[in-house]
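J.: Before I ask anything, here is the structure I am working with.
The values are calculated or read from the model by the stated rules, or taken from the named source; none is laboratory data. Nothing here was measured: the structure is a model prediction, and the numbers come from that model. Don't worry about glycine lacking a Cβ; one is built from the backbone with ideal geometry, like all the others, and counts go over all protein chains shown. Just the protein is used for accessible areas: all its heavy atoms, side chains included, with ligands, DNA and RNA removed. Shrake-Rupley method; radii C 1.70, N 1.55, O 1.52, S 1.80 Å.
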Amino acid sequence: MQYEITLGIPVYAAADYIAETMKSALGQTYSNIEFLIVDDRADDGTIDIVEHIKRDHLRGKDIRIIRNDKNMGVSYCRNLIMDEARGKYLYFLDSDDTIESYTIQLLIDAIKAFQAQVAYASYDIIDSVKGSVVRTYQKDKLQLSQEGELAIYAFKNTHIFHVSVCNVLVDVDFLRKTGVRFIDTNFWEDMAFTTELITKVSRAVLLPDVTYHYLQHPESLSHYRERDLLTKEEIMQNASTIAYLKGKAKEMKGHSCLPFLCSYLEMNSFYMVCHILKRNSRIVPKISCSEMQQILQHPFGLCDVLHFRNERWQNIWFWLLGRMPIFIAISSVWLLGKIKRVI
């Protein structure tokens, strides 16, 4: 059967949540959807619940389950979904999140009306214990039709455009042609994928409608900063994601969004070092000052930065942080972190 939409769900250790997730997915008012489930081999019975729903639900015939031979991680599962999707458009849903019943209809109408490559709606973060809204990322209502326009908007408005694959419908042919993939990491794989993807988009629709509900767990990997003991390995994996994107930035000389991308990546590097300085007594083993300055390294040389037409002074400052004597650089980050109240 030819589907208009593939709704992809990587499934792993979500037995407490998957029934609600599937209920929200199968409850879509839009009918022409393939529900592509990738079983990443948890042993908590999650996939048994999915199979039960497939047998009993009226839309069960539209559920397709792919089973990995062993646990491969979320990046592998999402890449598999991209490869296996039969729909013209693709939508990712995590196995513990929920969406409104009109989500797909809203996004497909928007992407078709504007002949866009991607359509983004807004979402909120729900505390899994309290059930309350922690934060809402509500986008402006926009149609963007110039190369680099979406990326510039996203990098300048990180308070409303969070780097996540949540609540976006993307044209599958366009996605495959970009060659963008999820990188093999346990941390910030969303950030790497989304940041790279939006630099390749030339037609996009943004919607303020909050139609996706992201469930935030106390034990989540993204909450490592709140734990009593942190490992250097996991923090440096985050740093490696930033380094990967800086490497990608080097391939984008002349792109209109490049100065904004560099400023965005360097700001993330700065805040990462601030968090390391604040918590280094809890990190095992310790992260050295030279390693912290390496995290701060700008992807371009000073001559390139001086030729930026936008974000020039921000990029010059970040370039200096990565080149000045280590003690001065780290002391400067400490002082600025104190001023910004992140240390």
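J.: In Å, the Kirkwood hydrodynamic radius of the range 153-309 over pairs of distinct alpha carbons?
T.: Values: mean 1/r = 0.0579 Å⁻¹.
When all Cα pairs of the range 153-309 are included, the Kirkwood radius is 17.3 Å.
J.: Right, here's the next one. Give me the extension gain from LEU58 to SER145: residue separation times 0.36 nm, minus the current Cα-Cα distance, reported in nm with one decimal.
T.: 27.4 nm
J.: Quick one: length gained pulling ASP16 to SER331 fully straight, 0.36 nm per residue minus the C-alpha distance?
T.: Result: 108.8 nm gained on full extension.
J.: Something else now. Over what distance in Å are the Cα centres of the range 158-218 and the range 50-105 separated?
T.: What the calculation gives is 17 Å, centre to centre.
J.: Need one number for the range 149-241: average projected area of the convex hull over its C-alpha atoms, nm².
T.: Values: hull surface 28.9 nm².
Taking the Cα atoms of the range 149-241, their convex hull projects to 7.2 nm² on average.
J.: For ARG59, ARG323, give me the order by solvent-accessible area with a 1.4 Å probe, most accessible first, ignoring ligands, DNA and RNA.
T.: The residues order as ARG323, ARG59, largest area first.
J.: Highest mean first, how do 113-119, 197-203 rank when packing is the count of other Cβ atoms within 10 Å averaged over residues?
T.: Ranked by mean Cβ neighbours within 10 Å, highest first: 197-203, 113-119.
J.: Considering only protein heavy atoms, what per residue accessible area in square angstrom results for the chain with a 1.4 angstrom probe?
T.: Roughly 47 Å² per residue, with all protein chains present.
J.: Pull out a ≥ b ≥ c, the square roots of the eigenvalues of the alpha-carbon gyration tensor of the range 100-162, then state rounded if a/c is under 1.5, prolate if not and a/b is larger than b/c, and oblate in the remaining case.
T.: The shape class here is oblate.
J.: As I understand it, the value is the acute angle between the Cα axis of helix 103-113 and the longest principal axis of the Cα atoms of the chain; what does it come to in degrees, rounded to 10?
T.: Approximately 80 degrees, to the nearest 10.
J.: By how many degrees, between 0 and 90 and to the nearest 10, does the Cα long axis of helix 74-84 differ from the longest principal axis of the chain?
T.: Between the helix axis and the principal axis of the chain, the angle is about 50 degrees.
J.: Quick check: with the 1.4 Å probe, what order do HIS298, HIS162 take by accessible area, largest first?
T.: HIS162, HIS298
J.: Then there is this: For PHE174, tell me the accessible area in Å² from a 1.4 Å probe, rounded to the nearest 10.
T.: 30 Å²
J.: Using Cα atoms only, what is the angle between the long axis of helix 189-198 and the major principal axis of the chain, expressed in degrees (0 to 90) to the nearest 10?
T.: 90 degrees
J.: Using the Cα centre as the reference, give the magnitude of the dipole from point charges on the C-beta atoms of the chain (Lys, Arg: +1; Asp, Glu: -1; all else neutral), rounded to the nearest 20 debye.
T.: 1300 debye
J.: For the chain, what proportion of DSSP beta bridges, expressed in % and rounded to the nearest 5, is antiparallel?
T.: About 35 percent, rounded to the nearest 5.
J.: Using a 1.4 Å probe on the protein heavy atoms only, what accessible surface does ASP94 show? Give it in Å² to the nearest 10.
T.: My reading of the accessible area for ASP94 is about 30 Å².
J.: Moving on to the next point. Find how much the distance from ARG176 to ASN32 grows on full extension, using 0.36 nm per residue of separation minus their present alpha carbon separation; answer in nm with one decimal.
T.: 49.7 nm
J.: Per residue and in Å³, how big is the convex hull formed by the alpha-carbon atoms of the range 216-343? Intermediate results must be reported in sequence, preceding the final value.
T.: Details: hull volume 14.8 nm³, N = 128.
Taking the convex hull of the Cα positions in the range 216-343, it is 116 Å³ per residue.
J.: Here is a further query. Of CYS77, CYS289, which has the most accessible area and how do the rest follow, probe 1.4 Å?
T.: Greatest to least solvent exposure: CYS289, CYS77.
J.: For the range 89-137, which whole-number percentage of the solvent-accessible area (1.4 Å probe, protein heavy atoms only) is attributable to carbon and sulfur atoms? All intermediate terms of the calculation are to be shown ahead of the outcome.
T.: Details: 850 of 1870 Å².
Heavy-atom surface of the range 89-137 belonging to carbon and sulfur, 1.4 Å probe: 46 percent.
J.: Short version: ³J(HN,Hα) in whole Hz for each residue of the range 330-343, in order, from phi by Karplus 6.51 cos²θ - 1.76 cosθ + 1.60 (θ = phi - 60°), x for Gly and Pro, what are they?
T.: Result, ordered by residue: 5, 5, 5, 5, 4, 5, 5, x, 5, 4, 7, 6, 9, 10 Hz.
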